[in-house]
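The values are calculated or read from the model by the stated rules, or taken from the named source; none is laboratory data. Keep in mind that this is a model prediction, so the values were computed, not measured. When we count neighbours, we look across all protein chains shown, and the Cβ atoms used for this are built from the backbone with ideal geometry, even at glycine. Accessible surface is based on the protein model in full, side chains and every heavy atom, while ligands, DNA and RNA are left aside. Shrake-Rupley method; radii C 1.70, N 1.55, O 1.52, S 1.80 Å.
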Amino acid sequence: MTQLTLNKAKQTQILGLIIWLLICFAAAAVGSIASVQAKSFYSQLSQPAWAPPPSLFGPVWTVLFTMMAIAAWLVWRRGGLRSNRTAFSFFLGQLVLNALWSWLFFAWRLGALALADTVLLWFLILATLVSFWLVRPLAGALLIPYLLWVSFASALNYSLWRLNPRVLG
């Protein structure tokens, strides 16, 4: 390979990573539009003793969305979108459900539907994790913290919904 070919390949890889970061953070942005008042709303809810402070969510989600983007990029590098159509269908589906949750919970205050969303999200994350793992184990491993966090978030969603029936339907 010539130096020009290597540089072009490297640029393609960097561009690919940037695109996956943009896709993931676009989903985060869609969710965050619904979460503009989330901190004050969340603080007003009756909460279980184990509920984290509102200030924890932003940093955690930033790390998780970054890890999702890197995982998708690693899979994309192994055959692109066509070779991994099913894996990327799961991945994009879970991004949609992830963004939808903020609207269901914070904007529309539909606790039961938000909980149903987290259950579906959990299964799509698991399907994504397994399908990514089969292509590149590191990519699947990068999604384990996300699956664990959504497991925790589902339990928190359930508790908040049950503790706040007048506010969250």
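Taking a Cβ cut-off of under 12 Å around Leu138, the surrounding Lys, Arg, Asp and Glu residues balance to a net charge of +3, with basic ones at +1 and acidic ones at -1. What a 1.4 Å probe finds exposed on region 45-169 is 71% carbon and sulfur by accessible area, rounded to a whole percent.
Computed across region 30-88, the Kirkwood radius stands at 14.2 Å (inverse of mean 1/r, all Cα pairs).
Of Leu21, Leu74, Leu163, the order by accessible heavy-atom surface (1.4 Å probe, DNA, RNA and ligands excluded), from most exposed downward, is Leu163, Leu21, Leu74. Residue ranges 144-153, 33-42, 85-94, 3-12 sort as 85-94, 144-153, 33-42, 3-12 when ordered by packing (mean number of other C-beta atoms within 10 Å per residue, highest first). Farthest toward the positive end of the dipole of the chain, out of Ile19, Ser46, Ile144, is the Cα of Ile19, where the dipole comes from beta carbon charges about the Cα centre.
Using every pair of distinct Cα positions in region 1-143, the Kirkwood expression returns a hydrodynamic radius of 16.5 angstrom.
Working from label points 7 Å from Cα in the Cα-to-Cβ sense, the Ala116 to Ile18 distance is 4.1 nm.
If the viscosity is 1.567 mPa s and the temperature 4 °C, what translational diffusion coefficient in µm²/s does Stokes-Einstein give for region 61-148 when Rh comes from Kirkwood over Cα pairs? Result for D is 99 µm²/s.
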